[in-house]
1. Residue 107 is checked against (1) at pLDDT below 75; (2) basic (Lys, Arg); (3) part of a helix (DSSP H, G or I) and fails just one. What number does that condition carry?
2. Can we say residue 85 is of a type in the set (Val, Ile, Thr), closer than 24 Å to residue 227 by Cβ, in contact with a strand residue (DSSP E or B) (Cβ under 9 Å, 6 or more places away or on another chain) and at pLDDT 75 or above?
3. Would you please list the contacts, defined by Cβ atoms under 7 Å and residues six or more apart or on different chains, that run from a residue in the range 205-216 that is farther than 15 Å from residue 140 by Cα and surrounded by 13 or more Cβ atoms within 10 Å (Cβ to Cβ) to a residue that is among the hydrophobic types (A, V, I, L, M, F, W, C) and modelled with pLDDT of 90 or more?
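The values are calculated or read from the model by the stated rules, or taken from the named source; none is laboratory data. Small disclaimer: the values here were computed from a predicted structure and weren't measured. A quick note on method: Cβ atoms are made from the backbone with ideal geometry, for glycine too, and the neighbour counts reach across all protein chains shown.
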Amino acid sequence: MTPERWQVVKKVLAGALEKAPEERSAYLDQGRPDRSACTPRSPISMEDNPMRKLGFLAPIILLLSVSSAVAQDVNYNYDQSTDFTKYKTYKWVSIKNAEQVDELISKQLTSAIDSQLALKGLAKTDSDSADLYIAFQTAIRTEQQLNAYSTGWGYGPGWRYGGGSRTISATTTTIPVGILVLDLYDAKTHSLVWRGMASKTIDPKAKPDKRAKNINRAVEKLLKNYPPKVKK
């Protein structure tokens, strides 16, 4: 392979890695010419097409896709005695001792969460009479202590563990770097009724658009577990 062709291959590979794991295969296929149009006299034959040279990179692409898919582990806990169908509205609150994120990351997080909760039938409000108070915590630079919203606000009587994770524990008391923790409190009882955690969510060094995509994927995956499925 010539140096010029290798530069093309690297550019294509970099473009593929910018895509979501499920989009990479289609992205690579876009660069493959129609075999019927490839003749010995064609300006770009199958043999000369740099995309064909990506064949030996296919296992790497596949490995990276799988790694990216499993890297964003999610876990969740909830109060088993809670009837989640009664919750219709929520209000954002701030956790006093939580690490503060910059305004852009905060907007990306709240926007992603708002979108997913709207799909669950929950309406955001600024009223203190909201059914749920919700807040997020994260660790951007160093591991952080996991905090409650306020004194006297904590686990309800029917707390249980759910979900599965390789990198985050349902009983953790600290937040490893990059993890998003989302808490939902019953506003009347002051009880924590649902907590979700997603790893590999926030990379402050990533470009804003790429970070937003990563946050959106993590939040969507996380809130698939809300409301918890009731076992019959």
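1. That leaves (1) as the condition not met.
2. Here the answer is no, as residue 85 does not meet what is asked.
3. The qualifying pairs are 216/112.
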